[in-house]
1. Would you be able to say whether some residue in segment 212-221 is in a strand (DSSP E or B), farther than 19 Å from SER132 by Cβ, in contact (Cβ under 8 Å) with a residue 24 or more places away in the chain and basic (Lys, Arg)?
2. Which count do you get for residues in segment 79-97 that are under 18 Å from ASN37 (Cβ atoms) and open to solvent by 50 Å² or more (accessible area, probe 1.4 Å)?
3. I'd like to verify a number: residues in segment 182-202 that are under 18 Å from ASN215 (Cβ atoms) and surrounded by fewer than 17 Cβ atoms within 10 Å (Cβ to Cβ), how many?
4. Looking at LEU249, LEU267, LEU275, LEU240, which is the one that is open to solvent by 30 Å² or more (accessible area, probe 1.4 Å), among the hydrophobic types (A, V, I, L, M, F, W, C) and either modelled with pLDDT of 95 or more or on the phi > 0 side of the Ramachandran plot (or both)?
5. Checking the structure you have, find out if any residue of segment 273-283 is touching a residue at least 24 places away in the same chain (Cβ under 8 Å), of a type in the set (S, T, N, Q), in a loop (DSSP other than H, G, I, E, B) and within 20 Å of PHE211 (Cβ to Cβ).
6. Filter segment 150-166 down to the residues that are among the small types (Gly, Ala, Ser) and assigned to a helix (DSSP H, G or I) and list them by number.
7. Could you please find all residues in segment 65-80 being more than 22 Å from the chain's Cα centre (by Cα), part of a loop (DSSP other than H, G, I, E, B), closer than 12 Å to PRO100 by Cβ and touching a residue at least 24 places away in the same chain (Cβ under 8 Å)?
Amino acid sequence: MDKRALCIISGGMDSTTCAYLAKEQGFKIIALHFDYNQRTQNKERECFKQICKNLGVEKSYILDTSFIKEIGGNALTNTNLSIPKNELHSNDTPPITYVPFRNGIFLSIAGSLAEKEKCEAIFIGVVEEDGSGYPDCTAQFIKKTKEFINEGTSKNYKVEIITPLINLKKEQIVSLALKKNIPLELTWSCYENENEACGECDSCLLRLKGFNQANLEDKIPYSNKIKYLKKLNENEKKSLLDIWEKSVLATHHFLDKKNFNIIKDYLKNNGLEKLQFLFYYKNNNLVGFLGFYKDIIKMLFIDPQYFRQKYGEKLIKKVLNDFNIQKVEVNKENLNAIKFYKKMGFEGFNEYIDDFGYKLIKLKLKNKP
């Protein structure tokens with residue numbers, strides 16, 4: 001008899017990768033999806049159906065668990081609560097997007113269905129190592145859940161709960177999926193939107209972090225997207241210099257024309273080679289960028305048409321969350337920038353003169369925003 005696995009597939013990246021890994025291990029797939037009146041229910045169900053078709057599953061179930069909305073207490077089902085934006089790992093408590101005991105509910109139902117379908121394994125895409133800090137995504141929780149399922153089902157039935165991704169980081173999951181030709185473009189992660197991913201909720205941030213650190217491109221559409229670049233191509237360099245020039249002309253009135261042209265030529269030639277970058281895109285338009293070298297922020301410029309819309313804050317939060325940034329350099333005469341960096345948790349500790357004769361201040365990170 002063929003071995004069978006029940007795969008819980010939300011339509012997201014992690015659960016989809018798990019299902020493909022189960023198939024690779026020789027399991028016949030029984031696919032299980034839950035509707036619980038979450039904000040992106042229609043999109044997730046659409047993704048589930050596409051994934052099932054691509055996987056060639058033996059049988060699929062979409063179960064109504066809308067009672068979860070009645071329980072409430074989370075921003076995924078309660079639209080009166082706001083989805084947190086750009087706040088990944090901002091504190092030690094589970095965010096408001098945590099649906100209380102959701103995986104406990106899902107796995108309890110999965111245990112029943114797995115016994116009925118004679119599945120010897122349940123695959124679930126929980127990630128403890130690099131997740132949002134949900135208590136029902138830990139190895140200890142899965143261990144206890146397996147025990148109560150096997151205690152509460154028939155004596156002649158035992159099931160394993162398999163979590164192949166639980167100790168992986170997001171970039172490892174992305175790299176693994178693409179290495180195995182798993183179609184991540186069929187998946188959806190955004191907590192809020194169904195047409196374009198917001199790019200700012202915890203789930204989008206974790207997904208984008210995985211793609212960025214794996215140095216790979218995510219093919220799904222985003223309304224906001226921060227892209228990590230180790231090296232710029234010519235078009236990216238041209239876009240960067242265009243924003244740099246417009247922003248400097250709008251803000252750096254202390255910079256004389258001669259040095260402006262010298263610095264511009266320096267950047268055009270080799271001044272950007274050692275830097276890594278975060279590019280911020282809004283509806284596919286580049287609105288600003290941040291450049292850093294090792295643990296120091298060296299550049300942060302926003303297109304003037306997007307001033308005072310907090311894109312600089314978002315870039316700072318992103319680089320502090322994803323990289324070991326400790327310092328920032330800023331021109332001593334750039335008082336607005338100094339005020340901004342102090343607001344973002346930096347404080348001054350050193351002054352020096354750069355190669356162009358300008359006084360720079362180094363500020364050191366004291367508190368993350």
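1. no
2. 5
3. Final tally of qualifying residues: 1.
4. LEU249
5. Looking for residues that are touching a residue at least 24 places away in the same chain (Cβ under 8 Å), of a type in the set (S, T, N, Q), in a loop (DSSP other than H, G, I, E, B) and within 20 Å of PHE211 (Cβ to Cβ), one finds at least one in segment 273-283, hence yes.
6. Passing the criteria: only GLY152.
7. If the condition is that a residue be more than 22 Å from the chain's Cα centre (by Cα), part of a loop (DSSP other than H, G, I, E, B), closer than 12 Å to PRO100 by Cβ and touching a residue at least 24 places away in the same chain (Cβ under 8 Å), then GLY73 is the only one that fits.
The rows are residues; the columns are (1) loosely packed, with under 14 Cβ neighbours inside 10 Å; (2) at pLDDT 95 or above; (3) more than 23 Å from the chain's Cα centre (by Cα); (4) among the small types (Gly, Ala, Ser).
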position: PHE323; (1), (2), (3), (4): no, no, no, no
position: LEU335; (1), (2), (3), (4): yes, no, yes, no
position: TYR341; (1), (2), (3), (4): no, yes, yes, no
position: ASP354; (1), (2), (3), (4): yes, no, yes, no
position: LEU363; (1), (2), (3), (4): no, yes, yes, no
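The values are calculated or read from the model by the stated rules, or taken from the named source; none is laboratory data. Every value quoted in this text rests on a predicted model; they were computed, and no experiment measured them. Neighbour counts run over all protein chains shown; Cβ positions are idealised from the backbone, glycine included. To get the accessible areas, we keep the full protein, side chains included, count just its heavy atoms, and leave off ligands, DNA and RNA. Shrake-Rupley method; radii C 1.70, N 1.55, O 1.52, S 1.80 Å.
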